[in-house]
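One structure is given here, and the rest of the page talks about it.
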């Protein structure tokens, strides 16, 4: 089966819909490595703003290596799971993670770079729970388990 594609230097653009097509397209150019690190794009939980589990599954099925998935924390994604995030105090004012997205919040973070509010308020544990909720809700936890992804 021939898959239509366009080649621009070392970049190939094609539309594939399953791992067999991807394997055919990549052919012998699949990297030979013990470990492959994949960085998906998980900006938000809104449609087309994150790499979906089905896309990663297709890639995992093609790769013959230990797979590690890495992604940074994104407050916008987390706030789609829990609308305001956790609360904390700034002097005599109670604010939340959504407040951090506003101009005053970013300015406050710049002026107060010690992050003691985060370290002392249970925010790290909360953040890990939110990340796990994202992975569970969108099918990544099950996918990672199936393919032994770290």
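Pick from 102, 25, 63 the residue whose mean-square fluctuation is largest in a GNM of the chain, springs joining Cα atoms under 10 Å.
Among 102, 25, 63, the largest GNM mean-square fluctuation belongs to 102.
To the nearest 0.05, what FRET efficiency results for residue 21 and residue 75 with a Förster distance of 41 Å applied to their C-beta separation?
0.70
Gap in Å between the Cα centre of the stretch 56-76 and the Cα centre of the stretch 1-54?
Their Cα centres are 11 Å away from one another.
Test of understanding: in a Gaussian network model of the chain with alpha carbons linked when under 10 Å, which of 96, 107, 18 would top the mean-square fluctuation ranking?
It is 107.
Can you put 123, 6 in order of Cβ neighbours within 10 angstrom, beginning with the fewest?
In order of increasing Cβ crowding within 10 Å: 6, 123.
When the chain is treated as a GNM, springs tying every alpha-carbon pair under 10 Å, which of 45, 94, 35 comes out with the largest mean-square fluctuation?
Most flexible of the set in this elastic network: 94.
Using the count of nearby Cβ atoms within 10 Å as a rough guide to exposure, how do 131, 142 rank from fewest to most?
Placing the least packed residue first, the sequence is 142, 131.
Given an 8 Å cut-off on Cα distances and at least 6 residues of separation, report the relative contact order of the chain as a percent.
20
Using a Förster distance of 41 Å, how high is the FRET efficiency between residue 110 and residue 11, based on the Cβ-Cβ distance and rounded to 0.05?
For residue 110 and residue 11, the calculated efficiency is 0.60.
Could you give me D for the chain, from Stokes-Einstein at 20 °C and 1.002 mPa s, where the hydrodynamic radius is the Kirkwood radius over C-alpha pairs? Units µm² s⁻¹, please.
117
According to the Cα gyration tensor, what semi-axes, each the square root of 5 times an eigenvalue, does the equivalent ellipsoid of the stretch 51-122 have, listed from largest to smallest in whole Å?
Taking √(5λ) for each Cα gyration eigenvalue gives 36, 14, 11 Å.
As a test, work out the antiparallel percent of DSSP beta bridges whose residues both lie in the chain, rounded to the nearest 5.
Of those bridges, close to 70 percent are antiparallel.
Every number here is computed from the coordinates shown, using simple stated rules; none is lab data. Quantities reported herein were computed from a predicted structural model and do not represent experimental measurements. Don't worry about glycine lacking a Cβ; one is built from the backbone with ideal geometry, like all the others, and counts go over all protein chains shown.
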